[in-house]
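Report on one structure; see the data block that follows.
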Amino acid sequence: MFDPLAADPPGDPDFPATTPALTLDSHGTPLLGVLHVPAGRGPHPVAVLLHGFPGNERNFDLAQVLRRAGYASLVFHYRGSWGVGGSWSWAHVLEDAAAVVSGLYEVAADHRLDMRRLVAIGHSLGGFAALMTAAAEPAISAVVSVAGFDVGAAAALCRADPKVRAGYAEAFDGELGPLRGTSGEALVGEMEAAGDAWRLTSLAPLLADRRVLLIGTGRDSVTPYELHHEPVVTAYRAQPVDHLEHHVFPTDHSLSDHRVTLSRTILDFLARCP
């Protein structure tokens, strides 16, 4: 049996694998992305990969293994990040994720995409965005959150303790190098203003009929699983989210020493999706 973690798939001279740059519009700003298209006539299922804050880890290894497994996988940058125009904000991340999903329908025929088989996969803030986007977009049949950042849960901590609030603002300020148009204070204020509307636990009713994979990280000071993973699992079990799978791996926030395990877990999960 072919293993996309261990071998390259067969080529197709008529429909070769390609890696086109892709530009998709979000509220008048072009978002820059890279689409990894598998070989073959297709149409191919689609995975939208959502990176975190500020986007140092963009999970291109996942994009490549997903392509070898037959998925067209898209990696892109949000507004105000890594040279893309506009300004960065949490709300813009959500708007951009929704705009990218919508924009892919317009280019589906050009790149042999099967938008009936669409999954969202996100890391850290991208995990938050993946779950929020899936909750708002019924066309997303499966969603994966890796070390997801529960913005609403963090906001509650900020509102409750000024020292925690100051710590988040300082930490955000330290990550602004590739971003523009924001500040640590602005980002904390935006979190607090959104409040419980951005709690991942509140999405359980909207995801009850979806396939959901939640991956927590046991050695993670950025999104400690006790705050960002376990409450979400508990809420989704209680709903219940019928097709829920969850894991906690003993690794850091970037899953630095668990990349093959991460890829295998996601591939196995997707293999069980229709």
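Every number in this text was worked out from the coordinates using simple rules, so none of it is lab data. Computed from a predicted model, the values in this text were never measured in an experiment. Note that each Cβ is placed from the backbone with ideal geometry, even for glycine, and that neighbours are counted across all protein chains shown.
Structure above, values below:
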| quantity | calculated |
| --- | --- |
| Exposure proxy order (Cβ contacts within 10 Å, fewest to most) of Met1, Met132, Met191 | Met1, Met191, Met132 |
| Highest-fluctuation residue, Pro162, Pro54, Pro240 considered, GNM on the chain with Cα pairs under 10 Å | Pro162 |
| In nm, spacing of pseudo-spin labels at Asp61 and Val222 (7 Å Cα→C-beta vector) | 1.4 nm |
| Whole-number D in µm² s⁻¹ for the chain, Kirkwood Cα-pair radius fed into Stokes-Einstein, 25 °C, 0.890 mPa s | 131 µm²/s |
| Least to most buried among Leu244, Leu49 (fewest other Cβ within 10 Å first) | Leu244, Leu49 |
| Calculated FRET value between Glu185 and Asp25, using beta carbons and R₀ = 35 Å, to 0.05 | 0.75 |
| Karplus-derived 3J(HN,Hα), 6.51/-1.76/1.60, for each residue of the stretch 139-154, Hz, glycine and proline x | 5, 7, 7, 8, 9, 10, 10, 10, 6, x, 9, 7, 4, x, 5, 5 |
| Counted charge near His92, where neighbours are those whose Cβ lies closer than 11 Å (Asp, Glu -1; Lys, Arg +1) | -2 |
| Residue order, fewest to most beta carbons within 10 Å, for Ser145, Ser202 | Ser202, Ser145 |
| Percent RCO, i.e. relative contact order, over the stretch 21-271, from Cα pairs under 8 Å lying at least 6 residues apart | 17 percent |
| Residues with amide H under 5 Å from that of Leu50, placed H, sequence gap 5 or more | Ile121, Gly122, His123 |
| For Ser73, net neighbour charge (Lys/Arg +1, Asp/Glu -1) across residues whose Cβ lies under 12 Å away | +2 |
| For a label point 7 Å along the Cα-to-beta-carbon line of Asp14, residues of the stretch 40-77 with backbone N under 11 Å | 40-42 |
| Folded to 0 to 90 degrees: helix 259-271 orientation relative to the chain principal axis, Cα | 70 degrees |
